[in-house]
1. Among the residues of the range 66-84, write down those that are of a type in the set (D, E) and part of a loop (DSSP other than H, G, I, E, B).
2. How many residues, within the range 1-47, are outside any strand (DSSP E or B), touching a residue at least 12 places away in the same chain (Cβ under 8 Å) and open to solvent by less than 60 Å² (accessible area, probe 1.4 Å)?
3. Would you pick out the residues in the range 62-75 that are surrounded by 11 or more Cβ atoms within 10 Å (Cβ to Cβ) and either within 13 Å of the chain's Cα centre (by Cα) or among the aliphatic types (A, V, I, L, M) (or both)?
4. What number of residues within the range 18-70 are closer than 21 Å to N6 by Cβ and among the β-branched types (V, I, T)?
Amino acid sequence: YPNPFNPATEIPYQLGAATHVRLHIINSLGQPVRTLVNSAQKMGHHRASWDSRDAFGKDVAAGVYLYHLETPQQGAWGKMLLLD
């Protein structure tokens, strides 16, 4: 939240057990933009912030982006809209 957003958003998620988490941003063409989380995390509520920058620190264009949250047990997708 917020969604749509400009220039930053937070992605909240909850883990039912301690596990390795990978959370990454993908553009509408399916290309990787940035990995926000790639680490072991404890059970509970978590938040990841995205400042609408790519892995090189450059601002990305306005548009639709997807996030993919992966654990060894499951995965989840979400859609975000970055406004100018």
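The values are calculated or read from the model by the stated rules, or taken from the named source; none is laboratory data. Computed from a predicted structure; not experimentally measured. Neighbour counts run over all protein chains shown; Cβ positions are idealised from the backbone, glycine included. Side chains included, ligands, DNA and RNA excluded: accessible areas come from the protein's heavy atoms. Shrake-Rupley method; radii C 1.70, N 1.55, O 1.52, S 1.80 Å.
1. In the first step, residues of the range 66-84 are kept if they are of a type in the set (D, E); the result is 70, 84.
Once the filter is applied, which keeps residues that are of a type in the set (D, E) and part of a loop (DSSP other than H, G, I, E, B), the range 66-84 yields only D84.
2. Residues of the range 1-47 that are outside any strand (DSSP E or B), as a first pass: 1-4, 6-8, 16-18, 28-31, 42-43.
With touching a residue at least 12 places away in the same chain (Cβ under 8 Å) added as a condition, the list becomes 3-4, 6-8, 16-18, 28, 42-43.
Filter once more, so that each one left must be open to solvent by less than 60 Å² (accessible area, probe 1.4 Å): 8, 17.
Qualifying residue count, the range 1-47: 2.
3. Going residue by residue through the range 62-75, those that are surrounded by 11 or more Cβ atoms within 10 Å (Cβ to Cβ) are 62-71.
Hits for the range 62-75 are A62, V64, Y65, L66, Y67, H68, L69, E70.
4. 5
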